[in-house]
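The values are calculated or read from the model by the stated rules, or taken from the named source; none is laboratory data. From a predicted model like this one, the values you see are computed outputs, not experimental measurements. Here the Cβ positions follow ideal geometry from the backbone for every residue, glycine too, while neighbour counts run over all protein chains shown. When the accessible area is computed, the model is the full protein with side chains, heavy atoms only, and any ligands, DNA or RNA have been set aside. Shrake-Rupley method; radii C 1.70, N 1.55, O 1.52, S 1.80 Å.
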Amino acid sequence: MPSLQSVISCLSDYDPSALPVAQANAIIGNVVEPVRGTEQLAIRAALDRVLAEDVISPIDVPAHDNSAMDGYAFASAALASQATDVVLEVIGTAYAGNTYDVAPAAGQAVRIMTGAVMPASCDTVVPQEFVEVQAGGNQIRFAANAVRAGDNRRLRGEDLARGQAALSAGRILQPADLGLLASLGVAEIKVRRRLRVAFFSTGDELRSIGDPLDPGCVYDSNRYTLHGMLRRLNVELIDMGVVRDDPAALEAAFRSACENADAIITSGGVSVGEADYTKQIMAKLGDVTFWKIAMRPGRPMAFGRIASNGREAMLFGLPGNPVAVMVTFYHFVRAALHRQMGANVPPLPMMRVRSVAAIRKKPGRTEYQRGILAPAAEGGWEVRITGQQGSGVLRSMSEANCFIVLAHEQDTVAAGDTVDVMLFDGLI
Ligand code: AMP
Ligand code: MG
(Lines give C-alpha, C1' and ligand atoms only; values in the text may rest on other atoms or scores of the structure.)
(Ligands and ions follow the chains in the order given, each with its own letter.)
Protein backbone atom coordinates (compact mmCIF):
# COMPACT_ATOMS: atom_id res chain seq x y z
CA MET A 1 0.00 0.00 0.00
CA PRO A 2 1.35 3.44 -0.87
CA SER A 3 1.96 5.67 2.12
CA LEU A 4 0.17 8.98 2.41
CA GLN A 5 3.51 10.74 2.37
CA SER A 6 4.61 9.15 -0.89
CA VAL A 7 1.32 10.09 -2.57
CA ILE A 8 1.41 13.66 -1.29
CA SER A 9 5.06 14.17 -2.23
CA CYS A 10 4.12 13.68 -5.90
CA LEU A 11 1.93 16.80 -5.81
CA SER A 12 3.61 20.08 -6.69
CA ASP A 13 0.99 22.44 -5.26
CA TYR A 14 -0.11 20.61 -2.11
CA ASP A 15 -1.57 22.91 0.54
CA PRO A 16 -3.29 21.03 3.37
CA SER A 17 -4.83 24.24 4.68
CA ALA A 18 -6.75 25.00 1.46
CA LEU A 19 -6.99 21.71 -0.36
CA PRO A 20 -9.26 21.65 -3.44
CA VAL A 21 -11.90 18.90 -3.40
CA ALA A 22 -10.51 17.23 -6.52
CA GLN A 23 -7.00 17.05 -5.03
CA ALA A 24 -8.24 15.53 -1.77
CA ASN A 25 -10.15 12.92 -3.77
CA ALA A 26 -7.09 12.16 -5.89
CA ILE A 27 -4.98 11.58 -2.77
CA ILE A 28 -7.64 9.35 -1.20
CA GLY A 29 -8.01 7.40 -4.44
CA ASN A 30 -4.28 6.72 -4.54
CA VAL A 31 -4.04 5.50 -0.96
CA VAL A 32 -7.15 3.31 -0.65
CA GLU A 33 -6.92 -0.26 -1.96
CA PRO A 34 -9.59 -2.93 -2.47
CA VAL A 35 -10.10 -5.68 0.10
CA ARG A 36 -9.07 -9.10 -1.22
CA GLY A 37 -11.54 -11.59 0.28
CA THR A 38 -14.32 -13.08 -1.83
CA GLU A 39 -17.29 -15.38 -1.31
CA GLN A 40 -19.54 -17.46 -3.54
CA LEU A 41 -23.23 -16.50 -3.40
CA ALA A 42 -26.53 -17.55 -4.94
CA ILE A 43 -27.54 -14.80 -7.33
CA ARG A 44 -30.52 -13.52 -5.29
CA ALA A 45 -28.24 -12.99 -2.29
CA ALA A 46 -25.82 -11.00 -4.46
CA LEU A 47 -28.02 -7.93 -4.98
CA ASP A 48 -25.98 -4.78 -4.18
CA ARG A 49 -22.80 -6.84 -3.83
CA VAL A 50 -19.62 -6.27 -5.83
CA LEU A 51 -18.83 -8.81 -8.53
CA ALA A 52 -15.32 -10.21 -7.98
CA GLU A 53 -14.74 -11.59 -11.48
CA ASP A 54 -16.07 -11.17 -15.01
CA VAL A 55 -19.08 -13.32 -15.85
CA ILE A 56 -18.61 -14.85 -19.29
CA SER A 57 -21.79 -15.98 -21.00
CA PRO A 58 -21.82 -19.81 -21.30
CA ILE A 59 -24.62 -19.70 -23.90
CA ASP A 60 -26.12 -17.58 -26.65
CA VAL A 61 -29.06 -15.50 -25.41
CA PRO A 62 -31.48 -16.03 -27.01
CA ALA A 63 -30.38 -19.53 -27.91
CA HIS A 64 -32.27 -19.52 -31.25
CA ASP A 65 -33.57 -17.03 -33.77
CA ASN A 66 -37.14 -16.42 -32.63
CA SER A 67 -40.17 -14.29 -33.30
CA ALA A 68 -40.65 -10.90 -31.62
CA MET A 69 -44.37 -10.85 -32.50
CA ASP A 70 -47.42 -13.02 -32.88
CA GLY A 71 -47.76 -13.34 -36.66
CA TYR A 72 -46.57 -15.38 -39.62
CA ALA A 73 -42.99 -16.42 -40.41
CA PHE A 74 -41.84 -16.71 -44.00
CA ALA A 75 -38.78 -16.34 -46.24
CA SER A 76 -38.26 -12.72 -47.26
CA ALA A 77 -37.76 -13.67 -50.92
CA ALA A 78 -41.58 -13.55 -51.04
CA LEU A 79 -41.47 -9.76 -50.56
CA ALA A 80 -39.40 -9.17 -53.67
CA SER A 81 -41.33 -11.51 -55.94
CA GLN A 82 -44.71 -9.91 -55.34
CA ALA A 83 -45.19 -6.24 -56.12
CA THR A 84 -48.37 -5.34 -54.28
CA ASP A 85 -49.89 -8.00 -52.05
CA VAL A 86 -48.13 -11.06 -50.73
CA VAL A 87 -50.26 -14.21 -50.61
CA LEU A 88 -48.92 -17.23 -48.70
CA GLU A 89 -50.26 -20.65 -47.77
CA VAL A 90 -50.23 -21.33 -43.98
CA ILE A 91 -48.84 -24.82 -43.35
CA GLY A 92 -48.82 -25.00 -39.53
CA THR A 93 -48.19 -23.22 -36.23
CA ALA A 94 -44.95 -22.66 -34.22
CA TYR A 95 -45.51 -22.26 -30.48
CA ALA A 96 -43.06 -20.83 -27.92
CA GLY A 97 -41.21 -23.59 -26.11
CA ASN A 98 -41.45 -26.02 -29.03
CA THR A 99 -39.61 -26.38 -32.29
CA TYR A 100 -41.45 -26.52 -35.60
CA ASP A 101 -39.62 -28.92 -37.84
CA VAL A 102 -41.13 -28.42 -41.30
CA ALA A 103 -39.36 -25.83 -43.44
CA PRO A 104 -41.92 -23.86 -45.45
CA ALA A 105 -41.25 -23.77 -49.20
CA ALA A 106 -41.59 -20.70 -51.44
CA GLY A 107 -45.15 -19.41 -51.21
CA GLN A 108 -45.66 -20.83 -47.72
CA ALA A 109 -45.72 -19.39 -44.17
CA VAL A 110 -46.01 -20.69 -40.60
CA ARG A 111 -48.24 -19.11 -37.97
CA ILE A 112 -45.83 -18.17 -35.14
CA MET A 113 -46.17 -17.01 -31.51
CA THR A 114 -43.89 -14.51 -29.77
CA GLY A 115 -40.72 -16.27 -28.60
CA ALA A 116 -41.25 -19.33 -30.81
CA VAL A 117 -38.17 -20.59 -32.69
CA MET A 118 -38.09 -19.40 -36.30
CA PRO A 119 -38.75 -22.36 -38.62
CA ALA A 120 -35.90 -23.26 -40.99
CA SER A 121 -35.82 -21.12 -44.17
CA CYS A 122 -37.81 -18.27 -42.52
CA ASP A 123 -36.19 -14.91 -41.74
CA THR A 124 -39.12 -12.49 -41.40
CA VAL A 125 -42.33 -12.26 -39.39
CA VAL A 126 -45.37 -10.27 -40.47
CA PRO A 127 -47.41 -9.27 -37.39
CA GLN A 128 -50.90 -10.72 -37.36
CA GLU A 129 -52.55 -7.29 -37.33
CA PHE A 130 -51.17 -6.57 -40.83
CA VAL A 131 -52.60 -9.74 -42.28
CA GLU A 132 -55.91 -10.68 -43.81
CA VAL A 133 -56.62 -14.34 -43.04
CA GLN A 134 -58.29 -16.18 -45.91
CA ALA A 135 -59.42 -19.64 -46.86
CA GLY A 136 -60.50 -20.60 -43.36
CA GLY A 137 -57.08 -19.85 -41.92
CA ASN A 138 -55.10 -21.67 -44.60
CA GLN A 139 -53.97 -18.54 -46.47
CA ILE A 140 -52.80 -15.01 -45.61
CA ARG A 141 -52.60 -11.83 -47.63
CA PHE A 142 -50.72 -8.66 -46.68
CA ALA A 143 -49.24 -5.58 -48.39
CA ALA A 144 -45.67 -6.22 -49.57
CA ASN A 145 -44.54 -2.99 -47.91
CA ALA A 146 -46.01 -3.99 -44.50
CA VAL A 147 -42.63 -5.47 -43.46
CA ARG A 148 -39.03 -5.49 -44.62
CA ALA A 149 -36.74 -8.52 -44.81
CA GLY A 150 -35.64 -9.56 -41.29
CA ASP A 151 -38.35 -7.64 -39.44
CA ASN A 152 -39.68 -8.97 -36.11
CA ARG A 153 -37.03 -11.65 -35.83
CA ARG A 154 -34.77 -11.73 -32.76
CA LEU A 155 -31.38 -13.12 -33.66
CA ARG A 156 -29.66 -15.85 -31.75
CA GLY A 157 -27.10 -14.28 -29.36
CA GLU A 158 -28.35 -10.72 -29.95
CA ASP A 159 -28.75 -10.13 -26.21
CA LEU A 160 -25.48 -11.89 -25.37
CA ALA A 161 -23.23 -14.08 -27.46
CA ARG A 162 -21.60 -17.13 -25.91
CA GLY A 163 -18.08 -16.24 -24.68
CA GLN A 164 -18.92 -12.55 -24.36
CA ALA A 165 -18.44 -10.79 -20.97
CA ALA A 166 -21.96 -10.37 -19.63
CA LEU A 167 -20.91 -8.45 -16.50
CA SER A 168 -17.50 -7.12 -15.49
CA ALA A 169 -15.67 -7.47 -12.20
CA GLY A 170 -16.31 -4.45 -9.99
CA ARG A 171 -19.95 -4.14 -10.94
CA ILE A 172 -22.38 -3.53 -8.07
CA LEU A 173 -25.18 -5.91 -8.93
CA GLN A 174 -28.49 -4.30 -9.84
CA PRO A 175 -31.91 -5.90 -10.28
CA ALA A 176 -31.39 -6.20 -14.06
CA ASP A 177 -28.10 -8.01 -13.45
CA LEU A 178 -29.80 -10.71 -11.37
CA GLY A 179 -32.18 -11.29 -14.28
CA LEU A 180 -29.31 -11.26 -16.76
CA LEU A 181 -27.41 -13.88 -14.73
CA ALA A 182 -30.57 -16.00 -14.53
CA SER A 183 -31.01 -15.72 -18.31
CA LEU A 184 -27.56 -17.30 -18.65
CA GLY A 185 -28.44 -20.13 -16.29
CA VAL A 186 -25.82 -18.91 -13.81
CA ALA A 187 -26.82 -19.95 -10.26
CA GLU A 188 -23.91 -18.62 -8.19
CA ILE A 189 -21.29 -15.95 -8.56
CA LYS A 190 -18.15 -14.81 -6.78
CA VAL A 191 -18.44 -11.45 -4.99
CA ARG A 192 -16.07 -9.46 -2.80
CA ARG A 193 -16.57 -9.87 0.92
CA ARG A 194 -18.56 -7.09 2.51
CA LEU A 195 -16.61 -4.16 3.86
CA ARG A 196 -16.70 -3.69 7.64
CA VAL A 197 -17.05 -0.08 8.68
CA ALA A 198 -16.81 1.08 12.29
CA PHE A 199 -18.08 4.51 13.26
CA PHE A 200 -18.47 6.64 16.34
CA SER A 201 -19.18 10.20 17.39
CA THR A 202 -16.86 12.30 19.51
CA GLY A 203 -17.68 15.35 21.60
CA ASP A 204 -18.49 15.83 25.27
CA GLU A 205 -21.64 17.82 24.36
CA LEU A 206 -23.27 14.76 22.75
CA ARG A 207 -26.09 12.87 24.40
CA SER A 208 -27.63 9.63 23.22
CA ILE A 209 -31.33 9.25 22.51
CA GLY A 210 -33.09 8.33 25.76
CA ASP A 211 -30.72 10.37 27.94
CA PRO A 212 -31.82 13.74 29.30
CA LEU A 213 -30.56 16.69 27.28
CA ASP A 214 -28.36 18.58 29.78
CA PRO A 215 -27.83 22.31 29.31
CA GLY A 216 -25.48 23.01 26.38
CA CYS A 217 -25.83 19.50 25.01
CA VAL A 218 -27.20 18.14 21.71
CA TYR A 219 -28.42 14.72 20.71
CA ASP A 220 -25.95 12.75 18.65
CA SER A 221 -27.51 12.75 15.19
CA ASN A 222 -24.42 12.03 13.09
CA ARG A 223 -24.38 8.35 13.99
CA TYR A 224 -27.88 8.03 12.61
CA THR A 225 -27.20 9.76 9.30
CA LEU A 226 -24.00 7.71 9.00
CA HIS A 227 -25.96 4.56 9.74
CA GLY A 228 -28.36 5.42 6.92
CA MET A 229 -25.69 6.36 4.40
CA LEU A 230 -23.59 3.27 5.16
CA ARG A 231 -26.61 0.96 4.95
CA ARG A 232 -27.20 2.22 1.43
CA LEU A 233 -23.65 1.15 0.56
CA ASN A 234 -24.42 -2.34 1.87
CA VAL A 235 -21.45 -2.51 4.24
CA GLU A 236 -21.31 -4.29 7.60
CA LEU A 237 -21.81 -1.71 10.32
CA ILE A 238 -20.06 -1.53 13.66
CA ASP A 239 -21.77 1.29 15.58
CA MET A 240 -19.50 2.19 18.50
CA GLY A 241 -21.69 4.90 19.99
CA VAL A 242 -20.47 8.18 21.46
CA VAL A 243 -16.89 8.21 22.72
CA ARG A 244 -16.01 10.64 25.48
CA ASP A 245 -13.31 13.23 25.01
CA ASP A 246 -10.86 11.28 27.11
CA PRO A 247 -7.49 10.04 25.77
CA ALA A 248 -7.82 6.51 27.13
CA ALA A 249 -11.42 6.09 25.92
CA LEU A 250 -10.54 7.47 22.48
CA GLU A 251 -7.45 5.30 22.11
CA ALA A 252 -9.39 2.20 23.11
CA ALA A 253 -12.15 3.05 20.61
CA PHE A 254 -9.73 3.68 17.74
CA ARG A 255 -7.81 0.47 18.49
CA SER A 256 -10.94 -1.65 18.69
CA ALA A 257 -12.30 -0.10 15.48
CA CYS A 258 -8.99 -0.72 13.75
CA GLU A 259 -8.84 -4.36 14.84
CA ASN A 260 -12.40 -5.09 13.72
CA ALA A 261 -13.03 -2.97 10.64
CA ASP A 262 -11.63 -2.11 7.22
CA ALA A 263 -12.58 1.55 7.56
CA ILE A 264 -13.33 3.87 10.47
CA ILE A 265 -15.52 6.94 10.28
CA THR A 266 -15.68 9.43 13.12
CA SER A 267 -17.42 12.75 13.39
CA GLY A 268 -16.30 15.79 15.35
CA GLY A 269 -13.06 16.83 16.92
CA VAL A 270 -11.03 17.50 13.77
CA SER A 271 -11.49 21.28 13.55
CA VAL A 272 -8.47 23.50 13.72
CA GLY A 273 -7.96 24.69 17.26
CA GLU A 274 -10.11 21.86 18.60
CA ALA A 275 -9.33 21.41 22.28
CA ASP A 276 -10.11 17.71 22.49
CA TYR A 277 -7.91 14.65 22.10
CA THR A 278 -9.37 13.12 18.92
CA LYS A 279 -6.68 14.51 16.61
CA GLN A 280 -3.84 13.59 18.95
CA ILE A 281 -4.91 9.98 19.18
CA MET A 282 -5.50 9.70 15.43
CA ALA A 283 -1.99 10.99 14.78
CA LYS A 284 -0.50 8.73 17.44
CA LEU A 285 -1.98 5.56 15.94
CA GLY A 286 -0.99 6.00 12.34
CA ASP A 287 -0.36 7.87 9.14
CA VAL A 288 -3.02 10.59 9.27
CA THR A 289 -3.21 14.08 7.79
CA PHE A 290 -5.50 16.89 8.84
CA TRP A 291 -6.92 18.92 6.03
CA LYS A 292 -8.82 22.11 5.61
CA ILE A 293 -10.64 21.50 2.38
CA ALA A 294 -11.63 24.36 0.10
CA MET A 295 -15.31 23.54 0.30
CA ARG A 296 -18.52 24.47 2.04
CA PRO A 297 -19.88 22.95 4.13
CA GLY A 298 -17.30 20.61 5.62
CA ARG A 299 -13.90 22.25 5.78
CA PRO A 300 -11.95 20.17 8.32
CA MET A 301 -11.28 16.51 7.64
CA ALA A 302 -8.76 13.91 8.75
CA PHE A 303 -7.70 11.15 6.41
CA GLY A 304 -5.22 8.34 6.68
CA ARG A 305 -4.58 4.86 7.91
CA ILE A 306 -4.15 3.70 11.49
CA ALA A 307 -2.82 0.46 12.91
CA SER A 308 -3.30 -1.54 16.08
CA ASN A 309 -1.96 -4.98 16.92
CA GLY A 310 -0.96 -5.67 13.33
CA ARG A 311 -4.35 -4.72 11.89
CA GLU A 312 -4.85 -1.67 9.68
CA ALA A 313 -7.87 0.40 8.76
CA MET A 314 -8.57 3.47 6.66
CA LEU A 315 -9.60 6.46 8.73
CA PHE A 316 -12.03 9.22 7.76
CA GLY A 317 -12.32 11.86 10.47
CA LEU A 318 -15.31 13.94 9.41
CA PRO A 319 -16.30 17.31 10.79
CA GLY A 320 -18.91 17.45 13.53
CA ASN A 321 -21.54 19.62 11.91
CA PRO A 322 -24.42 17.43 10.77
CA VAL A 323 -24.63 18.74 7.18
CA ALA A 324 -20.84 18.73 6.84
CA VAL A 325 -20.85 15.03 7.81
CA MET A 326 -23.23 14.20 4.99
CA VAL A 327 -21.49 16.37 2.40
CA THR A 328 -18.03 15.01 3.18
CA PHE A 329 -19.41 11.47 3.24
CA TYR A 330 -21.00 11.80 -0.20
CA HIS A 331 -18.12 13.67 -1.81
CA PHE A 332 -15.12 11.82 -0.32
CA VAL A 333 -15.99 8.76 1.74
CA ARG A 334 -18.53 7.18 -0.63
CA ALA A 335 -16.04 6.93 -3.51
CA ALA A 336 -13.28 5.76 -1.14
CA LEU A 337 -15.47 3.00 0.29
CA HIS A 338 -16.51 1.95 -3.22
CA ARG A 339 -12.85 1.68 -4.09
CA GLN A 340 -12.14 -0.33 -0.95
CA MET A 341 -15.06 -2.64 -1.80
CA GLY A 342 -13.52 -3.26 -5.22
CA ALA A 343 -16.48 -1.56 -6.89
CA ASN A 344 -16.24 0.26 -10.17
CA VAL A 345 -18.77 3.03 -9.91
CA PRO A 346 -19.20 5.65 -12.61
CA PRO A 347 -19.43 9.27 -11.44
CA LEU A 348 -22.90 10.39 -10.40
CA PRO A 349 -24.69 12.16 -13.24
CA MET A 350 -25.02 15.94 -13.02
CA MET A 351 -27.85 17.88 -14.62
CA ARG A 352 -27.55 21.47 -15.75
CA VAL A 353 -30.67 23.38 -14.79
CA ARG A 354 -31.84 26.92 -14.27
CA SER A 355 -31.52 28.43 -10.81
CA VAL A 356 -34.73 30.19 -9.80
CA ALA A 357 -32.90 32.70 -7.59
CA ALA A 358 -29.45 34.22 -7.21
CA ILE A 359 -26.97 32.22 -5.08
CA ARG A 360 -24.10 33.96 -3.32
CA LYS A 361 -20.76 32.22 -3.86
CA LYS A 362 -17.06 33.05 -3.55
CA PRO A 363 -14.50 31.64 -5.99
CA GLY A 364 -11.82 29.41 -4.46
CA ARG A 365 -13.99 26.73 -2.86
CA THR A 366 -16.51 24.15 -3.99
CA GLU A 367 -19.97 24.59 -2.50
CA TYR A 368 -22.64 21.97 -2.06
CA GLN A 369 -25.84 23.88 -1.54
CA ARG A 370 -28.95 21.90 -0.76
CA GLY A 371 -31.49 22.28 -3.53
CA ILE A 372 -35.00 21.33 -4.53
CA LEU A 373 -35.23 20.34 -8.17
CA ALA A 374 -38.74 20.61 -9.60
CA PRO A 375 -40.47 20.84 -12.99
CA ALA A 376 -40.58 24.43 -14.27
CA ALA A 377 -43.90 25.99 -15.34
CA GLU A 378 -42.51 26.70 -18.81
CA GLY A 379 -41.16 23.14 -19.23
CA GLY A 380 -37.81 21.60 -18.28
CA TRP A 381 -36.54 21.68 -14.71
CA GLU A 382 -35.46 24.37 -12.27
CA VAL A 383 -33.76 24.38 -8.89
CA ARG A 384 -34.03 26.53 -5.77
CA ILE A 385 -32.03 26.34 -2.54
CA THR A 386 -33.77 24.97 0.53
CA GLY A 387 -33.39 28.18 2.48
CA GLN A 388 -31.03 28.23 5.48
CA GLN A 389 -27.76 26.72 4.30
CA GLY A 390 -25.88 26.64 7.61
CA SER A 391 -23.79 23.49 8.10
CA GLY A 392 -25.69 22.72 11.29
CA VAL A 393 -29.11 22.89 9.60
CA LEU A 394 -29.80 19.21 8.97
CA ARG A 395 -33.32 20.05 7.86
CA SER A 396 -31.74 21.41 4.66
CA MET A 397 -30.61 17.88 3.76
CA SER A 398 -33.96 16.42 4.67
CA GLU A 399 -35.91 18.88 2.52
CA ALA A 400 -33.51 18.82 -0.42
CA ASN A 401 -33.59 16.36 -3.28
CA CYS A 402 -30.26 17.40 -4.77
CA PHE A 403 -26.95 19.14 -4.25
CA ILE A 404 -26.39 22.31 -6.24
CA VAL A 405 -22.68 21.90 -6.95
CA LEU A 406 -20.95 25.25 -7.39
CA ALA A 407 -17.47 24.61 -8.78
CA HIS A 408 -14.21 25.84 -7.23
CA GLU A 409 -13.82 28.85 -9.55
CA GLN A 410 -17.52 29.72 -9.78
CA ASP A 411 -18.61 33.20 -8.70
CA THR A 412 -22.08 34.29 -7.55
CA VAL A 413 -24.93 32.78 -9.56
CA ALA A 414 -27.52 35.18 -10.99
CA ALA A 415 -31.22 34.27 -11.06
CA GLY A 416 -31.88 32.37 -14.28
CA ASP A 417 -28.28 31.12 -14.62
CA THR A 418 -27.63 27.46 -15.23
CA VAL A 419 -26.13 25.43 -12.36
CA ASP A 420 -24.94 21.84 -11.88
CA VAL A 421 -27.23 19.64 -9.86
CA MET A 422 -26.54 16.18 -8.41
CA LEU A 423 -29.68 14.19 -7.61
CA PHE A 424 -29.99 12.37 -4.28
CA ASP A 425 -32.10 9.56 -5.67
CA GLY A 426 -31.96 7.42 -8.73
CA LEU A 427 -34.74 5.14 -10.00
CA ILE A 428 -32.78 1.99 -9.33
P1 AMP B 1 -16.76 19.87 15.95
O2 AMP B 1 -16.39 19.51 14.53
O3 AMP B 1 -16.46 18.80 16.92
O4 AMP B 1 -16.20 21.19 16.33
O5 AMP B 1 -18.34 20.03 15.95
C6 AMP B 1 -18.97 21.05 15.21
C7 AMP B 1 -20.44 21.17 15.59
O8 AMP B 1 -21.13 19.96 15.29
C9 AMP B 1 -20.70 21.44 17.06
O10 AMP B 1 -21.77 22.33 17.16
C11 AMP B 1 -21.11 20.09 17.60
O12 AMP B 1 -21.94 20.18 18.71
C13 AMP B 1 -21.83 19.48 16.43
N14 AMP B 1 -21.74 18.02 16.48
C15 AMP B 1 -20.58 17.32 16.61
N16 AMP B 1 -20.83 16.00 16.63
C17 AMP B 1 -22.17 15.87 16.51
C18 AMP B 1 -23.05 14.75 16.47
N19 AMP B 1 -22.58 13.51 16.54
N20 AMP B 1 -24.38 14.97 16.33
C21 AMP B 1 -24.84 16.23 16.24
N22 AMP B 1 -24.07 17.33 16.28
C23 AMP B 1 -22.75 17.16 16.41
MG1 MG C 1 -16.11 19.07 19.02
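Numerical summary
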| item | result |
| --- | --- |
| Reachable lysines from K361, criterion Cα separation under 30 angstrom, eight or more residues apart if same chain | K292 |
| Square roots of five times the Cα gyration tensor eigenvalues for the range 116-240, Å | 63, 20, 11 |
| Cα gyration tensor of the range 266-342 - equivalent ellipsoid semi-axes, whole Å, descending | 19, 18, 9 |
| Those aspartates and glutamates that a straight Cα-Cα span of less than 18 Å connects to K362, excepting residues fewer than 8 apart in one chain | E409, D411, D417, D420 |
| Rounded D (µm²/s) - the chain, Kirkwood Rh over Cα pairs, Stokes-Einstein at 37 °C, 0.692 mPa s | 126 |
| Farthest positive-ward along the chain dipole, Cα basis, beta-carbon charges - from L181, T38, S121 | T38 |
| Whole-angstrom Cα spans of the range 159-203 along principal axes, big to small | 57, 17, 16 |
| Separation of the S17 and S168 label points, Cα + 7 Å toward Cβ, nm | 4.3 |
| Signed unit charges on C-beta, dipole axis of the range 351-423, positive-most listed residue A374, S398, A358 | S398 |
| Accessible surface of the range 229-269, 1.4 Å probe, proportion on carbon and sulfur as whole % | 42 |
| By average C-beta atoms within 10 angstrom, highest first, the peptides 256-266, 388-398, 11-21 | 256-266, 388-398, 11-21 |
| Size of charge dipole - the chain - debye, nearest 20, with Cβ of Lys, Arg +1 and Asp, Glu -1, no other charges | 640 |
| The range 66-154 - charge dipole about Cα centre, Lys and Arg +1 at Cβ, Asp and Glu -1, debye rounded to 20 | 140 |
| Extended-chain gain in nm, criterion 0.36 nm per residue less alpha-carbon gap, S9 and A103 | 26.6 nm |
| Accessible surface of the range 66-154 [probe 1.4 Å, protein heavy atoms]: carbon and sulfur percent | 48 |
| Net charge dipole size for the range 1-94 [Lys, Arg +1 and Asp, Glu -1 on Cβ; Debye, nearest 20] | 320 |
| Cα-only Debye scattering, the range 321-428: base-10 log of I(q)/I(0) at q = 0.18 Å⁻¹ | -0.94 |
| Restricting the range 7-72 to trypsin sites (Lys or Arg not before Pro) in coil, as DSSP defines it, with at most 11 other Cβ within 10 Å | R36 |
| Value at 222 nm in deg cm²/dmol, rounded to 500, when DSSP H runs of n ≥ 4 in the chain each add -39,500 (n - 2.57) | -5500 deg cm²/dmol |
| Average accessible area per residue (Å²) across the chain - probe 1.4 Å, nucleic acids and ligands excluded | 48 |
| Percent of Cα pairs exceeding the 23 Å cut-off, where the set is the range 66-154 | 9 |
| Loop-resident sites, the range 121-167, for GluC sites (Glu not before Pro), counting at most 16 other Cβ within 10 Å (DSSP) | E158 |
| Two-decimal log10 I(q)/I(0) for the range 363-416, as the Debye equation yields it once each C-alpha is a single scatterer, q = 0.29 Å⁻¹ | -1.16 |
| R0 of 30 Å, Cβ-Cβ distance A96-L348: FRET efficiency to nearest 0.05 | 0.15 |
| Percent carbon-and-sulfur accessible area, the range 351-423, ignoring ligands, DNA and RNA, probe 1.4 Å | 52 |
| Charge context of G92, other residues only, Cβ under 10 angstrom, K/R +1, D/E -1 | 0 |
| Full-stretch length increase - A283, D85 - with 0.36 nm per residue and alpha-carbon distance subtracted | 62.8 nm |
